[in-house]
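The values are calculated or read from the model by the stated rules, or taken from the named source; none is laboratory data. Predicted model only: the values in this text are computed from it and were never measured. Note that each Cβ is placed from the backbone with ideal geometry, even for glycine, and that neighbours are counted across all protein chains shown. Please note that ligands, DNA and RNA were not included when accessible areas were found on the heavy atoms of the full protein model with its side chains. Shrake-Rupley method; radii C 1.70, N 1.55, O 1.52, S 1.80 Å.
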Amino acid sequence: MINKIWMSMLVIGVVFAAFNGRMSEVNEAIFSGAKDAVTICIGLISILVFWLGLMRIAEVAGMLRGLSRLMEPFVRKIFPEVPKGHPAMGYILSNMSANLFGLGNAATPMGIKAMQQLKELNGNKDSASRSMITLLAINTASITLIPTTVISIRMSYDSVAPTEIVGTTLMATICSTLGAILIDRFFYYRRLRKGR
């Protein structure tokens, strides 16, 4: 579905530019955008490698396991359908830990694995289970302590204080995560009431 949306936006933009005689601006935007994308990617590589290296050190030192143990009682209340000791819980905790440190790229594979495990728990049905919906909501809104990707983008654009967004990002992501959990629970309980 998202591919169709992007394709229609692209076609509409090109057709609109052609009818208004602005194709040269479209061409210029394409080439300057491609150049900026490569520059940003190269700038991001060093920062992401640094933070991923720190995450690996934290993992080997047992810090991530400790963080997962701290988070587990809270996460169990959010995902009561997941049996204790099930692999899905490990993937969920790993996904949340990576998101906590702003490593969305590292969190994505864990989120996909968690979804696969949750789908198995759901009997491989095509409809999403309560836990799958909750994971999607939390993963999208996730609390972020250190927004590494945004910091690295700000550094690549020579920001004077690239880390000044840490406090506001933390507050915004706490609000978004609480909002996601509350909305998730609201619709879940509303569906239960309608089912009676």
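At a glance:
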read-out: All positions within the range 82-102 that are of a type in the set (A, V, I, L, M) and in contact with a helix residue (DSSP H, G or I) (Cβ under 6 Å, 6 or more places away or on another chain); value: VAL82, ALA88, ILE92, LEU93, ALA98
read-out: Test for THR144: is it among the β-branched types (Val, Ile, Thr) and farther than 20 Å from MET63 by Cβ; value: no
read-out: Test: residue in the range 145-159 that is outside any loop (DSSP other than H, G, I, E, B), surrounded by 13 or more Cβ atoms within 10 Å (Cβ to Cβ) and free of Cβ contacts under 8 Å to residues at least 12 places away in the same chain; value: yes
read-out: Subset of the range 52-89 (residues that are open to solvent by less than 80 Å² (accessible area, probe 1.4 Å), part of a loop (DSSP other than H, G, I, E, B) and either over 20 Å from ASN124 (Cα atoms) or not aliphatic (A, V, I, L, M) (or both)); value: ALA61, GLY62, PHE79, PRO80, PRO83, GLY85, HIS86
read-out: Condition met for SER131 (farther than 30 Å from SER46 by Cα, open to solvent by less than 20 Å² (accessible area, probe 1.4 Å) and among the small types (Gly, Ala, Ser)); value: yes
read-out: Selection status of MET115, in a helix (DSSP H, G or I) and closer than 23 Å to ALA58 by Cβ; value: no
